[in-house]
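*Asks:* Dropping a structure here in structure tokens format, bear with me for questions.
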Amino acid sequence: MAIIIKPIVTEKMTEMGEKSNRYGFMVERTANKVEIKKAVEEMYNVTVVDVNTLIAAPKLKQRYTKSGVISGRQASYKKAIVTVAKGETIDFYSNI
């Protein structure tokens, strides 16, 4: 079972990575902080200082069509914000 589903690459998370060595990941909902720390250290060969987790709320979506309004929602997910030791970085684009 993979703990890390995918990294979160947005403008806000990229800025956090550049300024304060914090990176965001979408993780399994059942994963705890110790498992997340171990998975990031193994995958990216960095030293993890701190892990913060949160569960992102589902977003409601609506679309207007000929037949009426279609409404639904995105699934909620667990997000981990990982702080890496000073001087170390994670490059998400190196293996593309």
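*Asks:* Have a look at 85, 39, 31 and point out the one that is of a type in the set (Gly, Ala, Ser), open to solvent by less than 40 Å² (accessible area, probe 1.4 Å) and in contact with a Phe, Trp or Tyr (Cβ under 9 Å, 6 or more places away or on another chain). Break it down stepwise before answering.
*Replies:* Numbers: 85 fails: in contact with a Phe, Trp or Tyr (Cβ under 9 Å, 6 or more places away or on another chain); 31 fails: in contact with a Phe, Trp or Tyr (Cβ under 9 Å, 6 or more places away or on another chain).
Step by step, each of 85, 39, 31 is checked, and only 39 is of a type in the set (Gly, Ala, Ser), open to solvent by less than 40 Å² (accessible area, probe 1.4 Å) and in contact with a Phe, Trp or Tyr (Cβ under 9 Å, 6 or more places away or on another chain).
*Asks:* So is residue 2 over 20 Å from residue 86 (Cα atoms), buried (at least 18 other Cβ atoms within 10 Å of the Cβ) and out of contact with any Gly (no Cβ under 7 Å at 6 or more places or on another chain) or not?
*Replies:* Working: over 20 Å from residue 86 (Cα atoms): yes; buried (at least 18 other Cβ atoms within 10 Å of the Cβ): no; out of contact with any Gly (no Cβ under 7 Å at 6 or more places or on another chain): yes.
No.
*Asks:* Starting from the stretch 51-69, take each residue that is free of Cβ contacts under 8 Å to residues at least 40 places away in the same chain and farther than 30 Å from residue 40 by Cβ and list its partners that are part of a strand (DSSP E or B) and open to solvent by 100 Å² or more (accessible area, probe 1.4 Å), counting only C-beta distances under 8 angstrom and pairs at least six apart or across chains.
*Replies:* 60/73; 61/73; 69/62; 69/63
The values are calculated or read from the model by the stated rules, or taken from the named source; none is laboratory data. Everything numeric in this text was worked out from a predicted model, so none of it was measured. Positions of Cβ are backbone-derived with ideal geometry, glycine not excepted, and every protein chain shown enters the neighbour counts. Note: areas computed on protein heavy atoms with side chains; ligands, DNA, RNA excluded. Shrake-Rupley method; radii C 1.70, N 1.55, O 1.52, S 1.80 Å.
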